Amino acid sequence: MNGLDGWTCTIFRNQSEHLSSNLILAAERALLSAASSVGPDGLLTYVWDAKITSRNPGYCFKQAGWSRRGRSADGRKTLLTKAVA
């Protein structure tokens, strides 16, 4: 729907004592070891800013090496991406 070609994280919620960024990195390793290809746009996720209590929505993804790429079409969510080598 956004014209990008990559793997999208559609839901993430950490309810453990582990750092969220470490869980994200572990999930990336598992995906990349199992997937034959990811797509030219790499890894993608949206963060619905208004539903996050943090002053820095997407912080855990940013700590895992993801970057802000833009906004969703409706303007309510931040698009974060990570290139895959």
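A few notes on this one:
- Taking the Cα centre of the chain as origin and assigning +1 to Lys and Arg Cβ atoms and -1 to Asp and Glu Cβ atoms, the resulting dipole is close to 300 debye.
- Mean projection area, nm², convex hull over Cα of the chain: 5.9 nm²
- Protection proxy ranking, peptides 60-67, 4-11, average beta carbon neighbours within 10 Å, highest first: 60-67, 4-11
- Here the chain has 52 percent of its accessible surface on carbon and sulfur atoms, given a 1.4 Å probe and all protein chains in place.
- The label point for residue 25 and the one for residue 54, both projected 7 Å from the Cα toward the Cβ, are 1.5 nm apart.
- For the stretch 17-85: relative contact order, % (alpha-carbon pairs under 8 angstrom, 6 or more apart): 37 percent
- Distance from the stretch 1-16 to the stretch 20-42 (C-alpha centre basis), Å: 11 Å
- Of the residues 51, 82, ranked by 1.4 Å probe accessible area with the largest first, the sequence reads 51, 82.
- Across the stretch 65-78, coupling constants 3J(HN,Hα) worked out from phi with the 6.51/-1.76/1.60 Karplus curve, θ = phi - 60°, read x, 7, 10, 6, 10, x, 10, 6, 4, 7, x, 8, 10, 8 Hz, and Gly and Pro carry x.
- In the chain, a dipole from Cβ-located charges (positive for Lys and Arg, negative for Asp and Glu) runs towards its positive end, and of 81, 19, 59 it is 59 whose Cα lies farthest in that direction.
- HN-Hα J in Hz across the stretch 40-53 - Karplus 6.51, -1.76, 1.60, θ = phi - 60°, x for Gly and Pro: x, 8, x, 9, 9, 7, 10, 10, 7, 3, 5, 9, 10, 7
The values are calculated or read from the model by the stated rules, or taken from the named source; none is laboratory data. Computed from a predicted model, the values in this text were never measured in an experiment. Please note: Cβ atoms are built from the backbone with ideal geometry, for glycine as well, and neighbour counts cover all protein chains shown. Heads up: the accessible areas ignore ligands, DNA and RNA and are worked out on the full protein's heavy atoms, side chains in. Shrake-Rupley method; radii C 1.70, N 1.55, O 1.52, S 1.80 Å.
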